[in-house]
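What follows is a short report on a single structure.
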Amino acid sequence: QVQLVESGGGLVQPGGSLRLSCAASGRFFSLATMAWYRQAPGNERELVAKITGGDSTNYADSVKGRFTISKDNVKKTVYLQMDRLKPEDTAVYYCNALQFGHNYWGQGTQVTVSP
């Protein structure tokens, strides 16, 4: 089993920045693919960014150039640096781990971008 705990969400003005963190515990290995998803009210959950065990990354078109995913294998933590935030980035952000064919989810953290 893998447990994921997100932190770092909050309220920020348009153009501002936030950094989300996701700490993994349990039977977690650095080769897992880690990702951030988000879900806004009335919308489906969507992939925001992903980083593989080999550190390959990819991003949703809507966040390219503004968001950066990274990880610290020693701390078993994945980060999402979000810059130049827009109101349409408002959502609950979820951490995901894909390991040995199993998907694990965190509880989510709210990000609100508003004047």
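Based on C-alpha pairs under 8 angstrom that are at least 6 apart in sequence, the chain has a relative contact order of 37 percent. For the pair residue 68 and residue 112 in one chain, pulling the backbone fully straight at 0.36 nm per residue adds 14.0 nm over the alpha carbon distance. Which one of 74, 12, 48 has the biggest mean-square fluctuation once the chain is modelled by GNM with Cα springs under 10 Å? Fluctuation is largest for 74.
Between residue 102 and residue 13, what FRET efficiency comes out of the Förster formula 1/(1 + (r/R0)^6) with R0 = 35 Å and r the beta carbon distance, rounded to 0.05?
The formula returns an efficiency of 0.35 here.
Note that segment 33-47 has calculated 3J(HN,Hα) couplings of 8, 10, 8, 10, 10, 9, 9, 8, x, x, 10, 7, 5, 10, 6 Hz, one per residue in order, obtained from phi through the Karplus relation 6.51 cos²θ - 1.76 cosθ + 1.60 (θ = phi - 60°); glycine and proline are x.
With N denoting the number of residues in segment 10-76, provide Rg(C-alpha) divided by 2.2 N^0.38 Å, to two decimal places.
Values: Rg = 13.3 Å, N = 67, 2.2 N^0.38 = 10.9 Å.
My calculation over the Cα atoms of segment 10-76 gives 1.23.
Compute the relative contact order of segment 1-64 as a whole-number percentage, counting only Cα pairs closer than 8 Å that sit 6 or more residues apart in sequence.
Numbers: 83 pairs, mean separation 14.8, N = 64.
23 percent.
Considering only 21, 30, 70, give the residue with the highest GNM mean-square fluctuation for the chain, with springs between Cα atoms whenever their separation is below 10 Å. For the chain, modelled as a Gaussian network with Cα springs under 10 Å, the answer is 30.
Per the Debye formula with a single identical scatterer at each Cα and no solvent contribution, what log10 I(q)/I(0) holds for the chain at q = 0.15 Å⁻¹? Rounded to two decimals, the profile gives -0.59. Between 65, 42, 26, which gets the highest mean-square fluctuation from a Gaussian network model of the chain, Cα cutoff 10 Å? Among 65, 42, 26, the largest GNM mean-square fluctuation belongs to 42.
Every read-out reported here was derived from the displayed coordinates using simple, explicitly stated rules and does not represent laboratory data. Values in this document were obtained by computation on a predicted structure and should not be read as measured data. Every residue, glycine among them, receives a Cβ derived from its backbone with ideal geometry; neighbour counts consider all protein chains shown.
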